[in-house]
């Protein structure tokens with residue numbers, strides 16, 4: 001029998017009452033922490049505002065280059081946590097030495113070192129602690145520094161080429177890339193600071209500037225573009241010079257050796273520098289003679305002595321360098337390095 005209209009109404013009221021009671025029980029028994037509330041426009045805006053107020057303007061993750069001595073600067077720079085203050089404005093200088101390195105072995109005491117093929121040192125394999133790009137040439141070729149030996153030890157820097165058509169020093173650095181380094185010596189090798197000049201077979205860089213007249217100490221305007229001793233438009237006007245200036249200023253080497261040719265001589269000196277020059281001459285047969293015949297302003301080795309408390313001098317090789325002579329010169333470098341470390 002079908003229920004009458006009155007019965008259906010009563011049944012509906014009863015059912016509704018039961019349903020409302022059940023909902024009330026659920027509301028009291030549910031754990032509020034498990035209830036997902038839909039996000040509203042106002043709540044999203046509040047969250048965004050809170051994030052913005054807790055993050056300094058301009059903050060972002062940065063990669064930081066490690067120092068030249070002490071803890072090894074990794075070739076792949078670590079990504080640091082975003083700084084608590086906004087990043088400073090970029091420095092005014094056009095070139096800095098904090099470029100990304102390409103290969104690294106951490107200098108942990110007693111740790112084995114990895115042998116890696118290095119394009120920056122004549123393609124040789126070496127137990128480098130670090131290979132660091134310290135700058136770029138006019139034509140965007142890398143200028144690379146290789147670290148070997150004892151991190152945090154006495155820093156010795158050797159530069160194979162500054163004039164592009166005087167590159168026999170490369171053979172000496174090839175030997176230094178693999179020879180045993182004396183204990184306590186932090187050895188840095190820069191095969192060439194003038195890769196464009198090497199490619200072109202010319203003395204100056206791609207701008208025709210004699211980089212050994214371009215350093216920012218006692219700089220003077222020499223000649224015009226096209227002249228072999230053209231000093232550039234101003235002190236450290238060239239990117240190659242800027243990269244070396246930044247790097248050496250921070251590295252602070254106790255000994256710096258710069259190879260040239262083909263005058264075949266070393267200028268004599270006084271004091272400890274004179275002793276080291278005399279020792280190098282004795283070991284290699286390069287005579288101690290004054291270097292004359294040019295205008296010597298803005299010279300790299302002289303600049304280095306002006307900013308670093310250490311020894312820095314030029315070695316003028318002869319017109320050619322045999323493999324045996326390259327071995328002799330590399331041994332002389334390591335002998336001097338050991339003497340500086342023991343001084």
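Where a number appears in this text, it was derived from the coordinates with a stated rule and is not lab data. If you're wondering where the values come from, they're calculated on a predicted model, not measured in any experiment. Using ideal geometry, Cβ is built from the backbone for each residue, glycine included, and neighbour counts are taken over all protein chains shown.
Structure data summary
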| quantity | calculated |
| --- | --- |
| Cα gyration tensor, the stretch 223-286 - rounded (a/c under 1.5), prolate or oblate | oblate |
| Average Cα contact separation per residue, the stretch 128-342, under 8 Å, 6 or more apart, as relative contact order % | 23 |
| Share antiparallel - DSSP beta bridges, the stretch 186-343, percent rounded to 5 | 10 |
| Full-extension gain in nm, residue 165 to residue 343, via 0.36 nm per residue minus C-alpha separation | 60.6 nm |
| Kirkwood Rh, angstrom, the stretch 128-342 [1 / mean 1/r, Cα pairs] | 17.0 |
| Pair residue 322, residue 183: separation of 7 Å Cα→Cβ label points (nm) | 3.5 |
| Full-stretch length increase - residue 218, residue 200 - with 0.36 nm per residue and alpha-carbon distance subtracted | 3.7 nm |
| Inter-part distance where the stretch 273-335 and the stretch 184-256 are each reduced to a Cα centre, Å | 17 |
| Enclosed volume per residue, in Å³, of the convex hull spanned by Cα atoms of the stretch 248-343 | 101 |
